[in-house]
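Student: Just passing along the structure, written as structure tokens.
Please treat every number below as a calculation from the coordinates, not as lab data. A quick note: this is a predicted structure, and the numbers were derived from the prediction, not measured. Methodologically, a virtual Cβ is constructed for each residue, glycine included, from the backbone with ideal geometry; neighbour enumeration extends over all protein chains shown.
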Amino acid sequence: MKRNIKIIVLSGMISLVSGTFSCKKYLDKSPESIVSEKTAFKDFTNFQGYTEELYNCIPDFTNRYWTNSWNWGDDEIQSSALNFHFVNKIDNGDFWGWQREFDGWGAGWMDVNNANTNDDRFTKGLWPLAWYGIRKANLGLENMNLLTNATDEERNLIKGQLLFFRGWFHFQLMQYFGGLPYIDKVLPADQDLRSPRLKYQECAEKAAADFREAADLLPLNWDNTGPGGRTPGKNQLRIDKTMALGYLGKNYLWAGSPLMNYESTGSRTYNVELCKKAAAAFAELLKLSESGQTPYKLLPFDRYYTNFYTFGQNWQMPGGGGSDGLEAIFRGPYWDAHGSTYGTAKQYTPGPTIEEGNVVFAPTANYINNYGMKNGLPITNSAQADAESGYDPQYPWRNRDPRFYNDIVFDGIKLVKGSLPSTVPEFNRYANLFTGGSSRDERVGSRTGYLLYKFTPITSNKFDQGYAYGQNLNIKVPYMRLADIYLMYAEAVTAGYSSPSAKDPSYAKSAVDAINVIRDRAGVGHVAARFLGSADEFMKEVRRERAVELSFEGHRFTDLRRWLQLIELPYTLKTAIEFDRAAPLDPSKDPKDSRVVNFRERTILQRPFSEKHYWLPLKRADVSMYAEFKQNPGW
């Protein structure tokens, strides 16, 4: 894989005939690419070359298009100048917009017209490539008997990757569409597809079997294997035991969550037994990480940003590495890193003051309220509670959770470090996010009074190019990182054992311990005693912690759905803050200590959701293929 996973050998691809969901129409192959099965699968080098293509089926949701939408919960809102991104369709209740037929500009990453497994980030779409990848994995698994010129270790590496990808592609689809047919064999091209949709939990059990077997076959570190030893330091993206365990646990936790349990059993509560299985998988992973047997560990907070972007390092992929260790557990390939400089980076910088372009994704004020105080307490807009936490709406940015300062730009922050042209007013050097300020603009600036800088350095603007643009700013958000594992463990243990102090029997840390590990890294106070009296009260802090630590990384939409909160107030609201500066901006003072007046929250929109919005609608053409493949309710 280009630059970040060195291909051992990429053999010609076997001709894949039309199979489930008409994969061939997405990925036709020329006659020259056809090789015999005997050649493709005869030894590890050739079989691994065949397997490598599965990695190129993973969409890069961060950089699929020039600007990219992947936060569809209550967390983010786009400037109004353009409306082709899926988040705008979500806000209007139009969930059909995930499909290329309804996407308009073709900017989405879930479906694309030109799906391909080449090295072009623009050709990656989840729906077509997941089905293609499932068929390819099945074809490989059915031909394992042809791998005769290989060691047991080599056979395990091949089989483990194929099993993981079969489970992963199914899981990625299930979390958006619900239970689907679980395709675990190669379907003949001349056979009508009749596989029924399974219940979510039935599908999840099959995925779990694939993830579990993959975890048992795969290594902790590819560098320590015979084949991986030939490409040392170039194996970070290869599927390993940690990845398989992470998705084994996530698959079980999702299956045990209220939405999925409701779809499967009619109960709108957590499924206790599935949550216990999830906790066991996460515990197994965390013990391996904490004992130093894997390369994965939490990055120090002063290097936290490297989870999401790097600069000054040609083609250095975000996610950690070197002496820091890896926090990113699962990432797709990195085809065009520097392209994010002129695409993804621009979507967080307000135009026209310090950037060109008219697509700005800004954090909603309602979501920013999840960021509590440095002492670990939430802000509540309750006088008694906020007196304890120290939150003061006259000084709304003072003593906040350090992750707030890492992720969010608020009024008065210095945005331009270098010199400004004489034609640009000096006040544009700063974020003017008060009501009527130059950074506030419904069409091309912040609609909410905040800006998001979690994925870009503060100098990502047209004036500080020598720092950000000229030194290889590379942005990529991981699918899964180690902090997520701690948070999912805490949720699974709490749901499975009904106590914040509960532990998986095989692991030393309790649910609350896991949350506090993440807070310790950020320098935030531990979970307060008042949240430890019951599982229900503690779960509120688990969910808030998840909202803060994993903010804007693409998790919120599915989290709200699986918790059965997406269609409920206040989660249907997107809000802005309005306020006036109590005094003119003083650049010599820390903007955290700025006093504001008339501070209030204003609703921008309320999303028109109903029960049907818990699942995305399937393609009409696909649900018309046969009666057993039914459309999701309400669509």
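Student: What order do you get for 89-95, 316-322, 618-624, 275-281 when each peptide is scored by the mean count of other beta carbon atoms within 10 Å, highest first?
Tutor: Ranking, from highest mean packing down: 275-281, 316-322, 89-95, 618-624.
Student: In the stretch 89-166, if every C-alpha pair distance is counted and binned at 5 Å from zero, what percent goes to each bin?
Tutor: Result returned by the calculation: 3, 14, 18, 15, 13, 12, 10, 6, 5, 3, 1, 0.
Student: Additional query: For Val409, list long-range residues whose amide hydrogen, built 1.01 Å from N in the peptide plane, is under 5 Å from its own amide hydrogen.
Tutor: Under 5 Å from the amide H of Val409 lie the amide H atoms of Leu451, Leu452, Tyr453, each far enough along the sequence or on another chain.
Student: Shifting gears a bit: Find the eigenvalues of the gyration tensor of the Cα atoms of the stretch 20-330, then list the square roots of 5 times those eigenvalues as equivalent ellipsoid semi-axes, largest first, in whole angstrom.
Tutor: 29, 26, 23
Student: On to the next question. Cα-Cα over 31 Å: which of Lys159/Lys234; Lys124/Lys417; Lys136/Lys234; Lys346/Lys540; Lys89/Lys503; Lys234/Lys454?
Tutor: Pairs exceeding 31 Å: Lys124/Lys417; Lys346/Lys540; Lys89/Lys503.
Student: How many percent of the alpha carbon pairs in the stretch 288-348 exceed a separation of 17 Å?
Tutor: Looking at the stretch 288-348, the distances longer than 17 Å represent 45 percent of pairs.
Student: Run down the aspartates and glutamates and flag those whose C-alpha is under 12 Å from the C-alpha of Lys297, throwing out any fewer than 8 positions away in its chain.
Tutor: Partners found: Asp324, Glu327, Asp484.
Student: Hey, what do the phi angles of the stretch 616-627 turn into as Karplus ³J(HN,Hα) couplings, whole Hz, using 6.51/-1.76/1.60 and θ = phi - 60°, x for Gly and Pro?
Tutor: Whole-Hz 3J(HN,Hα) from phi for the stretch 616-627: 6, x, 6, 4, 4, 4, 6, 6, 8, 5, 7, 5.
Student: Let me ask something else. Please state, as a whole number in µm²/s, the translational diffusion coefficient that the Stokes-Einstein equation yields for the chain at 4 °C and 1.567 mPa s, with Rh defined as the Kirkwood radius across alpha carbon pairs.
Tutor: Value of D from the Cα-based Kirkwood radius: 51 µm²/s.
Student: From Cα pairs below 8 angstrom and at least 6 apart in sequence, can you work out the relative contact order of the stretch 20-330, rounded to a whole percent?
Tutor: 12 percent
Student: Hey, another quick one. Per residue, how big is the convex hull around the C-alpha atoms of the stretch 388-431? Give it to me in cubic angstrom, could you?
Tutor: Convex hull volume per residue, Cα atoms: 75 Å³.
Student: Sticking with this structure for a sec: How large is ³J(HN,Hα) for each residue in the stretch 377-386, as worked out from phi by the Karplus curve 6.51 cos²θ - 1.76 cosθ + 1.60 (θ = phi - 60°), to whole Hz, x for Gly and Pro?
Tutor: Along the stretch 377-386, the couplings run 8, x, 8, 9, 6, 9, 4, 5, 5, 6 Hz.
Student: Step through the residues of the stretch 578-595 one at a time and calculate ³J(HN,Hα) from phi using the Karplus curve (6.51 cos²θ - 1.76 cosθ + 1.60, θ = phi - 60°), rounding each to whole Hz and writing x for Gly and Pro.
Tutor: Here the 3J(HN,Hα) series is 10, 6, 10, 6, 6, 8, x, 4, 10, x, 7, 10, 5, x, 4, 9, 5, 8 Hz.
Student: Based on DSSP H runs of at least 4 residues, each adding -39500 (n - 2.57), what is the mean residue ellipticity at 222 nm of the chain after dividing by all its residues, to the nearest 500 deg cm²/dmol?
Tutor: It comes out at -9500 deg cm²/dmol, rounded to the nearest 500.
Student: What value in Å³ per residue do you get for the convex hull of the alpha-carbon atoms in the stretch 232-300?
Tutor: Taking the convex hull of the Cα positions in the stretch 232-300, it is 109 Å³ per residue.
Student: Non-local amide H neighbours of Ile77 (under 5 Å, H modeled in plane, Pro and chain starts lacking H): which ones?
Tutor: Close amide H contacts, sequence-distant or interchain: Ala362, Thr364.
Student: Another question about this same structure. Sort 426-437, 372-383, 67-78 by the packing proxy (mean of other Cβ within 10 Å over each peptide's residues), most packed first.
Tutor: In decreasing order of mean packing, 426-437, 372-383, 67-78 become 67-78, 426-437, 372-383.
Student: Sticking with this one: So which aspartates and glutamates can Lys589 reach, going by Cα to Cα under 13 Å and dropping same-chain residues fewer than 8 places off?
Tutor: Reachable aspartates and glutamates: Asp411.
Student: Using a/c under 1.5 as the rounded threshold, could you call the stretch 174-263 rounded, prolate or oblate? The axes a ≥ b ≥ c are square roots of the C-alpha gyration tensor eigenvalues, and prolate needs a/b larger than b/c, oblate otherwise.
Tutor: It is oblate, given that a/c is not under 1.5 and a/b is not larger than b/c.
Student: Would you pull out the residues with amide H under 5 Å of Arg400's amide H, same chain only if 5 or more places away, H placed 1.01 Å from N?
Tutor: When sequence neighbours closer than 5 places are left aside, the close amide H contacts are Lys374.
Student: Could you give me D for the stretch 314-427, from Stokes-Einstein at 4 °C and 1.567 mPa s, where the hydrodynamic radius is the Kirkwood radius over C-alpha pairs? Units µm² s⁻¹, please.
Tutor: The diffusion coefficient I find is 73 µm²/s.
Student: Which angle between 0 and 90 degrees, to the nearest 10, do you get for helix 152-177 versus the longest principal axis of the chain when only C-alpha atoms count?
Tutor: 50 degrees
Student: Setting aside same-chain residues fewer than 8 positions from Lys38, which aspartates and glutamates have a Cα under 14 Å from its Cα?
Tutor: Glu142
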